[in-house]
Amino acid sequence: MSASRRLDALRAAGVEYVAGVPCSYLKKFFAGCRELPPAAFLPAVREDHAVAACVGAWLGGRRALAAMQNSGLGYCLEVLTSLHLMCGVPLPMVVSDRGDPSDYEEHRILGQRTRQLFDLFAIPWRAARPGAEEEDARWLVETAERERRPAVLLVGKEADA
Amino acid sequence: MTRAEAVALVLSRLPEDDVVVAADGAISREAYRAHDRLRTFYMLGSMGQVASIALGLATTRPERVVALDGDGNLLMGFGGIAMVGGLKPANLFHVVLDNGCYATTGGQPALSRQVDLAAAAAAAGYRWARRCERGEDAGAAVDAWLAAPGPAFLNLVVEAADPAPAPRVPMTPEEMAERVRAALAR
């Protein structure tokens, strides 16, 4: 058991490598990541480097997951389109769901278009449900593997676990 | 020394077990033409991510992982050397074929003539980092780099001229990725 029920659930669902950039909505998740051995967690310096490192880990035979704030998605688009989507590389993603009207200004413009962004690139997503971490983890890993593309679990403020 | 000659030189020094990540654009095409290997991943896009992909491989594989990078490519994703230097995977060997320009798009100048890439890699924490200016020294420089403690960084200055452009790699993107993954799973 780590500090994160979500991370434990994802590891039980088969995730072997995590790369990511922290978000305050994912405090528990990243607290869990810090307990992982160095070969299983990459504290990336920017989100595009995290998803690119996940391609390397996948080529190396690991089931790799990327975690980030939704503000980092813009940086990731080139890698998601020219590596994961183009080459058929699965990528489970844990992405925070910032940007509702009560959130700070800097989160709203991209945050309120996050779902449309995934839909535009035919990236499957679902909103995480508090208490359903195990089922959400299985859906995320199975969907990414089956469709050989990114799949996203959107984590709102109340769903950090 | 042309970039294509430098690519061929580096590949000639690598055993077949080594894993190679070849930068998108001319470097991948020249790597394929010089010596196609089952364990070479040919990037097509994602400029700036050579070191990051190599890092993901190096932390999950025991073999040596060689990042075959370009100067414009490295500068685009400069944070990559911070992750490699900070985490210090001993099996990651990074070489930058430095022609001082964006050759693939028409030779526009890059900032690599104003930025000391080897000094940046050393400052980021690579255990060994050198710059090689002259073609006649390149063979010895490559040998010293591959014998150095990793992560090791070699900035290999090459000519800007591109006398014989290499054709595109004749594989689909899915095939390029699956081939490397399958070769590493054996």
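Each value in this text was obtained by applying a stated rule to the coordinates, not by laboratory testing. For clarity, every value in this text was computed on a predicted model and none was experimentally measured. Here the Cβ is made from the backbone with ideal geometry for all residues, glycine too, and neighbour counts use every protein chain on show.
One table, with the values for the structure above:
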| read-out | value |
| --- | --- |
| Kyte-Doolittle mean at least -1.0 and Cα axial length at least 30 Å: DSSP H helices in chain B | none |
| Average partner coverage of A:37-49, which counts Cβ from other chains inside 10 Å | 5 |
| For residues of B:170-181, the mean tally of beta carbons on other chains within 10 Å | 4 |
| Residue-averaged [θ]222 nm for the protein assembly as shown, counting only DSSP H segments that reach four residues, each worth -39500 (n - 2.57) | -11500 deg cm²/dmol |
| Distance between the range B:5-25 and the range A:1-51 - C-alpha centres, whole angstrom | 32 |
| Cα-based shape type of the range A:10-106, given that a ≥ b ≥ c are square roots of the gyration tensor eigenvalues and the cut on a/c is 1.5 | oblate |
| 5 angstrom amide H check on A:ARG98, placed H, neighbours 5+ away | A:ASN70 |
| Inter-chain shielding of A:82-95 (mean C-beta neighbours from other protein chains, 10 Å cut-off) | 4 |
| GNM result for chain A, Cα springs below 10 Å: residue of A:ARG146, A:ARG113, A:ARG46 fluctuating most strongly | A:ARG146 |
| Gyration tensor (alpha-carbon) shape descriptor, the range B:49-163, a/c threshold 1.5 | prolate |
| Shape call, the range A:91-138: gyration tensor on alpha carbons, a/c limit 1.5 | oblate |
| Largest-first principal axis extents of the Cα set of the protein assembly as shown (Å) | 64, 42, 39 |
| Net charge, A:ASP8 excluded, C-beta distance under 12 Å - Lys, Arg +1, Asp, Glu -1 | +1 |
| Kirkwood Rh and Cα Rg combined as Rg/Rh, the range B:1-52 | 0.94 |
| Principal axes of the range B:115-180: Cα extent on each, largest first, Å | 38, 30, 24 |
| Convex hull of the range A:60-161 built on C-alpha atoms - directionally averaged projected area, nm² | 6.6 |
